[in-house]
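The block underneath contains the structure these notes are about, expressed in structure tokens.
Where a number appears in this text, it was derived from the coordinates with a stated rule and is not lab data. Worth saying up front: this structure is predicted, and the values here are computed from it rather than measured. Glycine gets a Cβ as well: all are built from the backbone with ideal geometry, and neighbour counts include every protein chain shown.
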Amino acid sequence: MTSAAIGAPAMRGALKSRRSMGGWVWALPPVAGLALVFLYPLFLVVQQSFRPDSGGTSVQPYRDVFASEAFREALGTTVWLAAGSTAGCLVLGFALALVIAFVPFPGGKAVAKFIDVFLSFPSFLITLALLFVYGQVGMANGLWTDVTGAATGPFQFLSTPWGVLLAEITYFTPFVMRPLLAAFSQIDTAQLEVASSLGARPWRIVRQIVLPEALPALAAGGSLVLVMCLNEFGIVLFTGAKGVTTLPMLVYGKAILESDYPGACVVAVVNVLISVGLYGVYRAVSRRAGA
């Protein structure tokens, strides 16, 4: 064996090692920027959660927060609002996506395009729109008082947990529809035509053909909506719902209204841990749906 043949593997290894080092050099600036902008502030929040106002380092802020009734109520409210909103988004999103994908009507493509635009809207904008229509001094109550002469209108639900639930379902439903429409576009319409020609009713076609194809997209969209609902702040704030305190609202109240920064950081850490765990579930479901 010649010396050139012996030296070739060593040369290839050296080139591969050099390319690997070059990759690390290029990756270092964005990683450092990410650490400075995101990880360092997050580290400060975690650090502050272990520093009570009395000084030193202690888990006492965690004991105080976990023992408080306000935290337990906020956690329960956050979970049931997120679960209820996700369920509503799944049902409504599936029904609307079915109509857009399989029921021909004028402007169907424009509606599908509008969904993409809707995803860019801030959540408080949808809440403001609902307030203009159903708020205490909104259009619906104004019309009612003008017609009946009553002092107040009957639509007072926006200031209740049900108003928050309606606003979240309204805003987050397109986040379920988008992956569903993508999944429906992959369904072979010949299957639907054959099933219909054999006498299958529309509900049976949906249940046996469409729904199995839509399950991965439903799971991915539902997981994403659940994570976003757990962290939603603008909708709860702008509805002004009385007695509705979620974990993000509790962080705001402790930090801004009570100046209890260790307690606010504890709640923030809990919220982050729940969100990261659910985001991991969402990523796993999304990979499975892509496969």
Quiz item: Who wins for biggest fluctuation among GLU232, GLU213, GLU258 in a Gaussian network model of the chain, springs between alpha carbons below 10 Å?
Solution: GLU258
Practice problem: Work out, in µm²/s and without decimals, the Stokes-Einstein translational diffusion coefficient of segment 145-250 at 37 °C, 0.692 mPa s, Rh from Kirkwood over C-alpha pairs. | Solution: 192
Quiz item: From largest to smallest, what semi-axes in whole angstrom does segment 205-288 give when each is the square root of 5 times an eigenvalue of its alpha carbon gyration tensor?
Solution: 34, 16, 6
Exercise. Springs between alpha-carbon atoms under 10 Å, Gaussian network over the chain: tell me which of PRO122, PRO248, PRO161 tops the mean-square fluctuations.
Key: PRO122
Practice problem: Go ahead and estimate [θ] at 222 nm for the chain from helices alone: -39,500 (n - 2.57) per DSSP H run with n ≥ 4, summed, over the residue count, rounded to 500. | Solution: -24500 deg cm²/dmol
Quiz item: What residue among PRO29, PRO216, PRO52 has the largest mean-square fluctuation in a Gaussian network model of the chain, using Cα springs under 10 Å?
Solution: PRO29
Quiz item: How far, in nm, would the chain grow between VAL91 and ARG51 when pulled straight, counting 0.36 nm per residue and subtracting the alpha carbon separation?
Solution: 9.9 nm
Exercise. For segment 59-290, just the Cα atoms, rotate onto the principal axes and tell me the three extents in Å, largest first.
Key: 66, 55, 27
Practice problem: Provide the gained length on full extension for the span LYS113 to GLN208, in nm with one decimal, where the gain is 0.36 nm per separating residue minus the Cα-Cα distance. | Solution: 31.4 nm
Quiz item: Given the Cα-Cα distance of ARG72 and ALA195 and 0.36 nm per residue of separation, how much length would full extension add, in nm?
Solution: 39.2 nm
Quiz item: Using θ = phi - 60° and the Karplus form 6.51 cos²θ - 1.76 cosθ + 1.60, what ³J(HN,Hα) does each residue of segment 195-205 get, whole Hz, x for Gly and Pro?
Solution: 4, 5, 5, 8, x, 6, 6, x, 5, 5, 4
Exercise. First measure r as the distance between the Cβ atoms of LEU128 and LEU257, then evaluate 1/(1 + (r/R0)^6) with R0 = 30 Å and state the FRET efficiency to the nearest 0.05.
Key: 0.85
Quiz item: Using θ = phi - 60° and the Karplus form 6.51 cos²θ - 1.76 cosθ + 1.60, what ³J(HN,Hα) does each residue of segment 111-125 get, whole Hz, x for Gly and Pro?
Solution: 5, 4, 5, 5, 4, 4, 5, 4, 5, 8, 6, x, 5, 5, 5
Quiz item: Cα atoms only, segment 46-133: Rg and Dmax in Å?
Solution: 21.8, 67
Quiz item: Tell me, TYR40, TYR282 in order of fewest to most beta-carbon neighbours within 10 Å?
Solution: TYR40, TYR282
Quiz prompt | Cβ-placed point charges (K, R +1; D, E -1), dipole of the chain about Cα centre in debye, nearest 20 | solution = 1240
Quiz prompt | In range of the label at GLN136: residues from segment 243-259 whose backbone nitrogen is under 19 Å from the point 7 Å along Cα→Cβ | solution = 243-245
